[in-house]
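The values are calculated or read from the model by the stated rules, or taken from the named source; none is laboratory data. Source: prediction; values computed, not measured. Counting neighbours? That spans all protein chains shown, and the Cβs are built from the backbone with ideal geometry, glycine included.
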């Protein structure tokens, strides 16, 4: 287990109630009324499924993009951010067959992923967890938190990203919308 690993457990306990869960591509995750976020070293509650990921360096960002993101990125856990989304994503083998610079070109030069996402900060806080290197079924676990009044902006963000050339390489994606209960 990696020291900074985060586990997301779908079951009957947790601080986040599942408002909706839908498969965008591929299979859904199954049941679970709540999501518990469990850091490494803490015991897992019983659950129907568990997703694992670790935060890592921003693999496709340039220094100037990283600095721009850090300048406006709000922290997670803001009291007003009572809505969240957990979106696990798996990219196709064709994506991983590309060289790093080819993936970067699709991600930013063609899809403008980072630039587009910057337009939604600081209203939407986000954290990316890498899962591929852990041997998980998903490559990334994307976690977002926002206030209820920013729910339509979040919808705009994910809809815009799903229309990009990058998303042609997504072969599994599940969209869980959550509401904080504790």
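Just one residue in the set 32, 53 is surrounded by 15 or more Cβ atoms within 10 Å (Cβ to Cβ) and more than 17 Å from the chain's Cα centre (by Cα); that residue is 32. Of all the listed residues (162, 177), the sole one being modelled with pLDDT of 95 or more and crowded, with 16+ Cβ neighbours inside 10 Å is 177. Residues satisfying the criterion are present in the stretch 73-82 (criterion: in contact with a strand residue (DSSP E or B) (Cβ under 8 Å, 6 or more places away or on another chain) and surrounded by 18 or more Cβ atoms within 10 Å (Cβ to Cβ)).
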